[in-house]
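Asks: Attaching a single structure in structure tokens format; questions to follow.
The values are calculated or read from the model by the stated rules, or taken from the named source; none is laboratory data. None of the values given here were measured: they were computed from a predicted structure. Here Cβ is always computed from backbone atoms with ideal geometry, including for glycine, and neighbour counts include all displayed protein chains.
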Amino acid sequence: MSPTDPIRGSDTPRTRAVALGTAFVTALGASGCGDRSDGLASAVLVPPSPITFVSNAGDTLAAEHGEIWVPENRSEPDSRSISLAYVRFPSTSATPGSPIVYLAGGPGGSGIATARGRRFPLFMALRDIADVIAFDQRGTGESNHIPLCATDTRLPLDAPATVAAAVSATREAARGCLEFWAGAGVDIRGYTTVESVRDIEALRRALGADRVSLWGISYGTHLAMAAIKRMGPRIDRVILASAEGLDQTVKLPARTDAYFGRLQAAIDTDPESAARFPDVAGLIRRVLDRLRAEPLAAEVVPEAGADPVRFVMGAEEVQLYTSFYLADPERVAGVLHAYRAADEGDFGPIARFVYLNLRAPPIALRGMPEAMDFASGISPERRAEWARQAETALLGGVLNYPMPYLADAFGDLDLGPGFRRRPETDVPTLLLTGTLDGRTYPESHLEATAGFTRLTHVVIQNAGHNLLMASPEVTDVILRFMGGEPIGRTRLTVGLPSF
């Protein structure tokens, strides 16, 4: 393996800023201004700067860009300091409520980048309630201080890429990446959800707010639930979209099978789609069984003018390909058409994706996404149930790859059963569930929030995992909830894409 380091040894404005910031924090700590007595470590706030925020669609807005400096690993007295970036969109209300902090999913998503994208109108709408904070969690976006560990490790092309082979190769890559990051000054042990909760508390203090409201989606809800357990009295209101509970980092394979049942029921409501896909699970199973019986010698032209590449494709990598696209029904539709073509003998669409995304690129690890999931971990009981269900489930256990296969690849990061215990809270919380969410599931949402005594649950029929912009009605529900108004309807319906 040959990791490459795009940061170490370079003298860029960013690295100079990091060095200056580290010296700044060290000096404050020496003067007694840095308080670590509660284990949170007071943040050092870099005075925010006015910026013109530009969305991907070209919208512009006057905003503020700020940074706070925190220890990378608060359990280490000599930890280096890292900067965490945020953008504050000022409230348009004469009486703004608690700042609303957006927590991106992944783990690994950037809150600032999200605010530039399709959800920009929702960020703007929430300004009617309070300041809205697009926060880049540690290890993401402008808060990323972990160089990408790119290796030269690839799986051979002359045999199917099995899960076992991928695990072995990735474990080898992880050993090299840990050495690489240590050499770059990174303490990977600092990249846990518990540390990110402490970052939220540090952000709250830096903003001078008595309380904050949290708005999370997917992994962002996982982080929000952990924050509720530690920061409960300092949290005003919470939005959980497509919730992932604290013991739900690994999704149960039987729940994925149940999702395919809901997907089939939705398809059956449209005669034309039902005629194309009368048995989704049966279609997927036929294609996978064919590859199990005889792996395919596939040929792909990577790009125009390139020579064809031949490789052997098996069932397990096609299961993994399928899992990538389950989040939202409009993406599942494309997967089903690829399966239909394969069932008729044309494996071209599936083979092209598998080669370009799974076989051609060398193994590369970002650090933060893997460490966060490894630290959240899985209980022994859930792992045993996952293994039992994976034996017969349509997609096996690959939905969560590299969890739980590589849960110990970065050493012992596991936060333990106390972390995974679900929260019990009276914080007002809005739970948004899409019936066609193929990543987190309606039953799991209810289990994760069973201890919430002031829960408002809104189900969005036909919506997938990324449901926040599914309909203007979703925005209306969110604004009413955040404003403390009655929501009224607890079930919405959005259109189903054509299959």
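Asks: Say we look at the stretch 411-451 and pick out the residues that are assigned to a loop (DSSP other than H, G, I, E, B) and among the acidic types (Asp, Glu); which of these is farthest from the chain's Cα centre (by Cα)? Quick ask: steps written out before the conclusion?
Replies: So the first thing to find is which residues in the stretch 411-451 are assigned to a loop (DSSP other than H, G, I, E, B), and the list is 411-416, 421-424, 426-428, 435-441, 449-451.
Cutting the leftovers down to among the acidic types (Asp, Glu) gives us 412, 414, 424, 426, 437.
Details: 412: 22, 414: 18, 424: 23, 426: 26, 437: 14 Å.
Out of the qualifying residues, it is 426.
Asks: Do we find that residue 160 is assigned to a helix (DSSP H, G or I) and either touching a Gly at 6+ places or on another chain (Cβ under 7 Å) or not basic (Lys, Arg) (or both) in this structure?
Replies: On the way: assigned to a helix (DSSP H, G or I): no; either touching a Gly at 6+ places or on another chain (Cβ under 7 Å) or not basic (Lys, Arg) (or both): yes.
In short, no.
For every residue, the table says whether it meets (1) in a loop (DSSP other than H, G, I, E, B); (2) within 21 Å of the chain's Cα centre (by Cα).
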{"residue": "221", "(1), (2)": "no, yes"}
{"residue": "224", "(1), (2)": "no, yes"}
{"residue": "246", "(1), (2)": "yes, yes"}
{"residue": "291", "(1), (2)": "no, no"}
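Asks: Something else now. Does residue 116 qualify as being within 18 Å of residue 60 (Cβ to Cβ) and modelled with pLDDT of 95 or more?
Replies: Values: within 18 Å of residue 60 (Cβ to Cβ): yes; modelled with pLDDT of 95 or more: yes.
For residue 116, the condition - within 18 Å of residue 60 (Cβ to Cβ) and modelled with pLDDT of 95 or more - is met.
Asks: Kindly indicate whether any position in the stretch 375-386 is within 30 Å of residue 158 (Cβ to Cβ) and of a type outside the set (Phe, Trp, Tyr). First the steps, then the outcome.
Replies: Start the filter on the stretch 375-386 by keeping residues that are within 30 Å of residue 158 (Cβ to Cβ), which leaves none.
Looking for residues that are within 30 Å of residue 158 (Cβ to Cβ) and of a type outside the set (Phe, Trp, Tyr), one finds none in the stretch 375-386, hence no.
Asks: Kindly indicate whether any position in the stretch 144-155 is part of a helix (DSSP H, G or I) and at pLDDT 95 or above.
Replies: Quick first cut of the stretch 144-155, residues part of a helix (DSSP H, G or I) only: none.
Within the stretch 144-155, none of the residues are part of a helix (DSSP H, G or I) and at pLDDT 95 or above.
Asks: OK, next. Can you tell which of 138, 88, 127, 118 is surrounded by fewer than 21 Cβ atoms within 10 Å (Cβ to Cβ), in contact with a His (Cβ under 9 Å, 6 or more places away or on another chain) and not polar (S, T, N, Q)? Walk me through how you get there before you give the answer.
Replies: Numbers: 138 fails: surrounded by fewer than 21 Cβ atoms within 10 Å (Cβ to Cβ); 127 fails: in contact with a His (Cβ under 9 Å, 6 or more places away or on another chain); 118 fails: in contact with a His (Cβ under 9 Å, 6 or more places away or on another chain).
88 is the lone residue from the list that is surrounded by fewer than 21 Cβ atoms within 10 Å (Cβ to Cβ), in contact with a His (Cβ under 9 Å, 6 or more places away or on another chain) and not polar (S, T, N, Q).
Asks: Another question, if that's okay. Being modelled with pLDDT of 95 or more, within 18 Å of residue 369 (Cβ to Cβ) and part of a helix (DSSP H, G or I): is that true of residue 216 here?
Replies: Working: modelled with pLDDT of 95 or more: yes; within 18 Å of residue 369 (Cβ to Cβ): yes; part of a helix (DSSP H, G or I): no.
No: the conditions fail for residue 216.
Rundown of residues vs (1) assigned to a loop (DSSP other than H, G, I, E, B); (2) closer than 15 Å to residue 190 by Cβ; (3) touching a residue at least 24 places away in the same chain (Cβ under 8 Å); (4) not β-branched (Val, Ile, Thr), yes/no style:
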position: 61; (1), (2), (3), (4): no, no, yes, yes
position: 85; (1), (2), (3), (4): no, no, yes, yes
position: 88; (1), (2), (3), (4): no, no, yes, yes
position: 97; (1), (2), (3), (4): yes, no, yes, yes
position: 105; (1), (2), (3), (4): yes, no, yes, yes
position: 108; (1), (2), (3), (4): yes, no, yes, yes
position: 114; (1), (2), (3), (4): no, no, no, no
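Asks: Within the bounds of the stretch 330-339, is there any residue that is out of contact with any Lys or Arg (no Cβ under 7 Å at 6 or more places or on another chain) and among the hydroxyl-bearing types (Ser, Thr, Tyr)? Walk me through it before giving the result.
Replies: Start the filter on the stretch 330-339 by keeping residues that are out of contact with any Lys or Arg (no Cβ under 7 Å at 6 or more places or on another chain), which leaves 330-339.
Now narrow it down to the ones that are among the hydroxyl-bearing types (Ser, Thr, Tyr): 339.
The answer is yes; a qualifying residue exists.
Asks: Among 324, 260, which is the only one that is under 26 Å from the mean Cα position of the chain (by Cα), free of Cβ contacts under 8 Å to residues at least 40 places away in the same chain and closer than 24 Å to residue 404 by Cβ? First the steps, then the outcome.
Replies: On the way: 260 fails: free of Cβ contacts under 8 Å to residues at least 40 places away in the same chain.
Exactly one of 324, 260 is under 26 Å from the mean Cα position of the chain (by Cα), free of Cβ contacts under 8 Å to residues at least 40 places away in the same chain and closer than 24 Å to residue 404 by Cβ, namely 324.
Asks: Which of (1) more than 30 Å from residue 389 (Cβ to Cβ); (2) buried (at least 24 other Cβ atoms within 10 Å of the Cβ) does residue 275 not meet, given it meets every other one?
Replies: (2)
Asks: Further, regarding this structure: Going residue by residue through the stretch 422-432, is there one that turns out to be under 26 Å from residue 234 (Cβ atoms), exposed (fewer than 14 other Cβ atoms within 10 Å of the Cβ) and in contact with a helix residue (DSSP H, G or I) (Cβ under 9 Å, 6 or more places away or on another chain)?
Replies: Initial filter on the stretch 422-432 (under 26 Å from residue 234 (Cβ atoms)): 422-432.
Subset that is exposed (fewer than 14 other Cβ atoms within 10 Å of the Cβ): 424, 426.
Within this subset, residues satisfying the condition of being in contact with a helix residue (DSSP H, G or I) (Cβ under 9 Å, 6 or more places away or on another chain) are 424, 426.
The answer is yes, given that some residue of the stretch 422-432 is under 26 Å from residue 234 (Cβ atoms), exposed (fewer than 14 other Cβ atoms within 10 Å of the Cβ) and in contact with a helix residue (DSSP H, G or I) (Cβ under 9 Å, 6 or more places away or on another chain).
Asks: Are there any pairs, at least 6 apart or on different chains, whose C-beta atoms fall under 9 Å, with the first in the stretch 475-499 and without any contact (Cβ under 8 Å) to a residue 60 or more places away in the chain and within 30 Å of residue 270 (Cβ to Cβ) and the second part of a helix (DSSP H, G or I) and basic (Lys, Arg), and if so, which?
Replies: Qualifying pairs under 9 Å: 487/480; 488/480.
Asks: Among residues belonging to the stretch 42-65 that are surrounded by fewer than 11 Cβ atoms within 10 Å (Cβ to Cβ) and of a type outside the set (Gly, Ala, Ser), point out the one that is farthest from residue 195 (Cα to Cα). If you could, list the steps in order and put the result at the bottom.
Replies: Of the stretch 42-65, the ones surrounded by fewer than 11 Cβ atoms within 10 Å (Cβ to Cβ) are 47, 49-50, 52, 57-58, 60, 62.
Still in the list and also of a type outside the set (Gly, Ala, Ser): 47, 50, 52, 60.
Details: 47: 23, 50: 28, 52: 30, 60: 33 Å.
So the residue we want is 60.
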